[in-house]
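Engineer: One structure coming up, written as C-alpha cells, with questions to follow.
The values are calculated or read from the model by the stated rules, or taken from the named source; none is laboratory data. Not measured: the values here are computed from a predicted model. Note that we place each Cβ from the backbone using ideal geometry, even for glycine, and neighbour counts take in every protein chain shown.
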Amino acid sequence: MRMKKTFYIGNITIKNSQITKVELSDYKSDEGYFLTEEQKTIIFAKEDRIKISALAGASKTNTLYYYSKENPFKRILYLVYN
C-alpha cells in the first residue's frame, strides 16, 4: 500500500508585525542560504507520495527542486493550481 503524507510549509507565527518562529536547518542551498526545517523534512521524506500545502511564495518549487536533487531516480508529478 502506498503511503501519502501532507506537509505544510510556512509554519510561522506573526505577532505584532514580528516573526516569532522560523527554524532553519543545516541543509544549505546551491545559492548558499539555509532551508527551513519544514523544507528539509520534505526533501528527505520517505513516503511514496507527498502533498505540499503552502501559501504563495512559500518556496514550494524550490523545495521540490532540492527534493528531486536528493532523489534523482524518483519520478515526480508536480501539479500546481489556485
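Engineer: Take segment 57-68 and flag every residue that is of a type outside the set (Ser, Thr, Tyr) and in contact (Cβ under 8 Å) with a residue 24 or more places away in the chain. Break it down into steps so the answer makes sense when it comes.
Structural biologist: Filtering segment 57-68 for residues of a type outside the set (Ser, Thr, Tyr) gives 57-58, 60, 62, 64.
Once the filter is applied, which keeps residues that are of a type outside the set (Ser, Thr, Tyr) and in contact (Cβ under 8 Å) with a residue 24 or more places away in the chain, segment 57-68 yields Ala58, Lys60, Asn62.
Engineer: Considering only residues of segment 41-63 that are more than 12 Å from the chain's Cα centre (by Cα) and among the basic types (Lys, Arg), which is surrounded by the fewest Cβ atoms within 10 Å (Cβ to Cβ)?
Structural biologist: Filtering first and then ranking leaves Lys46.
Engineer: Within segment 30-46, track down each residue that is assigned to a helix (DSSP H, G or I) and under 18 Å from Thr61 (Cβ atoms).
Structural biologist: Glu38, Gln39, Lys40, Thr41, Ile42, Ile43, listed by residue number.
Engineer: If you don't mind, there's one more thing I want to ask. Could you check segment 47-82 and list, in sequence order, the residues that are part of a loop (DSSP other than H, G, I, E, B) and of a type in the set (S, T, N, Q)?
Structural biologist: Across segment 47-82, the qualifying residues are Ser59, Asn71, Asn82.
Engineer: Here's a follow-up. Kindly indicate the residue of segment 15-29 that is assigned to a loop (DSSP other than H, G, I, E, B) and either on the phi > 0 side of the Ramachandran plot or of a type in the set (S, T, N, Q) (or both) and also modelled with the highest pLDDT among those meeting that condition.
Structural biologist: Per the criteria, the residue is Ser29.
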